[in-house]
Amino acid sequence: ITAQQAIPSIVISLILVTFSYAIAGFMIDLMYLSMFLILGIFGQTLPDGSQNIMDMSIRQVMGSLFKDAGGLQAGDNVDIVTNLFSSLLGENTLNTGLGVIGGLTLTVVLAIAILIGSVKLFFELLKSYASVILSIVTSPLILMFGAMPGKNAFTPWIKDLIGNLLPFPTVLFVLVVFYQFSSLTSGNGNEGGFMPPFLLARGQAGAIASLMGLAL
């Protein structure tokens, strides 16, 4: 390895080390820009207009998901289970009692699923945030190795930084789509759309929106 071959790598590494903090800040700004773009297209507040989605904590996200996809859908869940027992056992008075018990059980199961998903989401976002901070703090040391000929330290570093920033706009997008599918930001969920076969009965169009939101 000659000095002539090493000089370009050293110069580029010095530039990247010097501007690593600015590059990281620019990527964070792009993250916020993408999030505000999503909010500008779909709407910035919760369905009831009470709070900006960007200002929600994980506890408020969990409460919103539970309210709109689990807690307030007990009646729909009872109807789902009642129709299931009716199709299996035929029409009889026992189906009503079984439907109530099964519907409440389904509601509890959905609530537990939302709780577990929210806790997992919190730790995943926390891990991403910690990784972003560590990437910024250690960027001079990481990019310094790019001065070695044949070493490309910048590409893995920037890909790792982008990968840890992407979960935040992704979660925001999924939340916004959840509200759209649940028809909480744009009107009545029973108007328009279609009821696919093999899922629910035709009279339960209101429940499919919440189940679709939970699936998302």
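Where a number appears in this text, it was derived from the coordinates with a stated rule and is not lab data. Source: prediction; values computed, not measured. All Cβ positions, even for glycine, are placed from backbone atoms using ideal geometry, and neighbour counts span all protein chains on display.
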Once amide H atoms are placed 1.01 Å from N in the peptide plane, what residues at a sequence separation of 5 or more from Ala153, or on another chain, have their amide H within under 5 Å of its amide H?
-> Gly146
Stretch gain in nm, segment Leu134-Leu33, where the contour uses 0.36 nm per residue and the Cα spacing is subtracted | 34.1 nm
Inter-site label distance for Ile112 and Leu216 at 7 Å from Cα along Cβ, in nm = 2.6
